[in-house]
């Protein structure tokens, strides 16, 4: 009886051991499955995070590429502007040089005119004639041209002689019109002298408009429609 009880106890312990062993394996397997699920979920989350980061990195690279392209474009524009500025500076320098030369020439002309005007006062009046014109006319008639031919001859034979022309009108018509008419009359005489060989630099001319003399009678008005021609010789 004792052996039978002992054998029963051993059998019970064996069964119990097998049951415990099976339970432990199932628990471990279940725990492993749970752990694998958690690990898989974590890996999935990490992969998703990696994909998100990669997208962000790609977007940043694209923005950097766009910014680089803009910077390159700005660099090209800067170089173009630098070239334009250089050309503009060079053009401005040339323009300044041209302006300086023009100013110098203008000053020389002004000085020459000043000398001529000053020397004008150092001449002696040699002779005076008047060339007359018809009413509202500025062209020379045959008589006027004949009178001027003698003066042309004298001036060509004596290079030191100079002539002054003063144009006038009568009091008929508006003041501005008469001023222009007196200038046209002076121009007719000047042009005739130049065409006959007198150097332009030896002719001083001005249109003065209405003559100061009286314009009461037709005879007075006819005398005022004239160009006064004055011949000057150098002062001794």
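The values are calculated or read from the model by the stated rules, or taken from the named source; none is laboratory data. Keep in mind that this is a model prediction, so the values were computed, not measured. Ideal geometry is used to build each Cβ from the backbone, glycine not excepted, and the neighbour counts take in all protein chains shown.
Couple of notes before you dig in:
- Residue 99 being within 35 Å of the chain's Cα centre (by Cα), at pLDDT below 75, farther than 25 Å from residue 194 by Cα and not assigned by TED's automatic domain parsing to the domain that holds residue 183: yes
- Every pair of residues 6+ apart whose Cβ atoms lie under 7 Å, when the first sits in the stretch 117-129 and is modelled with pLDDT of 85 or more while the second is not in a strand (DSSP E or B): 124/235; 129/147
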